[in-house]
Structure formats: C-alpha cells, structure tokens
Amino acid sequence: MSAEETPEADRAARMREQRRAAIIAAARQTFAERGYHNASINDVIERAKIARGTFYLYFEGKRAVFESLLAESLAELRARIRRIDLGPDARPPEAQLRESLVRVLGHVLENRDFTRLLLTLWLNPDVEVADTVDAFYDHVTALIAASLGHGLRLGLVRPCDPQLVAAALLGTIRGILGYLIETPDADIERVADEIIGLSLRGIGVPGRWTASG
C-alpha cells in the first residue's frame, strides 16, 4: 500500500478538503455582507477561524478565493439542471423543465445575499474582478445556449439562434433574480410557472396578433 492509500493519508486529504470548504463558506458570507471591494482577507480569516498562513496554503489572495466561489456557483448551477428526456417513461418535457427551474430558484433563495453581490458586480463592475465576473456570465450564457441547442435537436425549441436567444434570456433572468432577492416571500413555484409561460408561450394572446378584426 502506497503512502497515498493509507488511512492517515485519506484522513489528511479529507481534512484539507474540509478546511478549504470552510474558507470558501467564510468567503461567501464575507463577500455577501461586505461586497468584494470592502471585504478583506482578514475578514475571511476571522470568520473561518484559521491562521493567515493556513489561508495562503489554499489561495493566493482575495481574488483567487472569489474565483473559486464563482467556479463552485457555476458547478452548483449545472448540478441543478437536468437535460430534457423524451424517453417512454419520462415525465412531460414541461414538467421536467419546471423541476429544474424550481431547483435553480431554490438555490438562488438559499444564497440570496451572494446572488445580490453577483448582480451588483454585473451592473457595477469592480475593476479587479470585472473579467472574472464577465467570464462567469459568459459560462452561464453558454449553458443556456447549450440547453437551447439540446431543445432544438429534440424538436422542442423553434428554429432560432441559440447564442442570441441565450443572451436575451440572460437579461430576463437578471430581472427575475433581482425580483427574487428583493422579495422575501417570493413563491418560487409561481415564479417558475411565470418563467415557463414567458419562455414557451410569450406574452401575446394566441391568434390575436394575426387576426384582422
């Protein structure tokens, strides 16, 4: 048995992962409360209850831990989205879409303050992390475009430019997220239904826009 396979090595690896997760959690809370610019490494260290040297074992600085936060947020978002399945035993596509939306919206509400920070940095970029935030939203746009492409292949989405529609949907999502984080009693089930109605059926009354009289 090699050193990497010993129980002691396994325990050490778990402890390192737990310590890193604790730093990430502390940074998430600190950035959410103080904003990126006003937050300091000392704030994160004090919240995580670790030594400064321990912090630097895992991250080079404030920007590095923020980048890890965004990477984890993107991974959490991906984990909550399921591809539509048209198999014989699958639920109706709209029901599957709704379930994914409810999972994503639930995550947003669980991290309301951090979502507010991301929206703030989107509208009022901090020079130090502007490119990092832009990259995060580029990834989100690519995720939406990939979902649209999957829908096109399944025949569930009308012919369109996935990149253009994804950009439009991202703007809509920004407005929805702003509503959610500022509405403490928001009903995510109702919000999911409105998103589906807007995405699949638009806002017009069927037939009225082409009727002559």
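Restricting the search to the range 189-213, which residues are on the phi > 0 side of the Ramachandran plot and at pLDDT 90 or above? Result: no residue meets the conditions. Taken together, the criteria place VAL157 among residues that are touching a Leu at 6+ places or on another chain (Cβ under 9 Å), free of Cβ contacts under 8 Å to residues at least 40 places away in the same chain and either assigned to a loop (DSSP other than H, G, I, E, B) or of a type in the set (Gly, Ala, Ser) (or both).
Determine whether ALA3 is at pLDDT 90 or above, over 26 Å from ILE188 (Cβ atoms) and either of a type in the set (A, V, I, L, M) or not assigned by TED's automatic domain parsing to the domain that holds ARG174 (or both).
Details: at pLDDT 90 or above: no; over 26 Å from ILE188 (Cβ atoms): yes; either of a type in the set (A, V, I, L, M) or not assigned by TED's automatic domain parsing to the domain that holds ARG174 (or both): yes.
Considered against the rule, which asks whether it is at pLDDT 90 or above, over 26 Å from ILE188 (Cβ atoms) and either of a type in the set (A, V, I, L, M) or not assigned by TED's automatic domain parsing to the domain that holds ARG174 (or both), ALA3 comes out as no.
Among the numbered conditions (1) at pLDDT below 90; (2) touching a helix residue (DSSP H, G or I) at 6+ places or on another chain (Cβ under 6 Å), the only one that ARG103 does not meet is (1).
Among the candidates ALA48, ALA71, ALA64, which residue alone is of a type in the set (A, V, I, L, M), under 25 Å from GLU17 (Cβ atoms) and buried (at least 16 other Cβ atoms within 10 Å of the Cβ)?
Numbers: ALA71 fails: buried (at least 16 other Cβ atoms within 10 Å of the Cβ); ALA64 fails: buried (at least 16 other Cβ atoms within 10 Å of the Cβ).
Result of the check over ALA48, ALA71, ALA64: ALA48.
The values are calculated or read from the model by the stated rules, or taken from the named source; none is laboratory data. The structure displayed is predicted, hence computed values, not measured ones. Quick reminder, even Gly has a Cβ in these numbers, built from the backbone with ideal geometry, and neighbours come from all protein chains shown.
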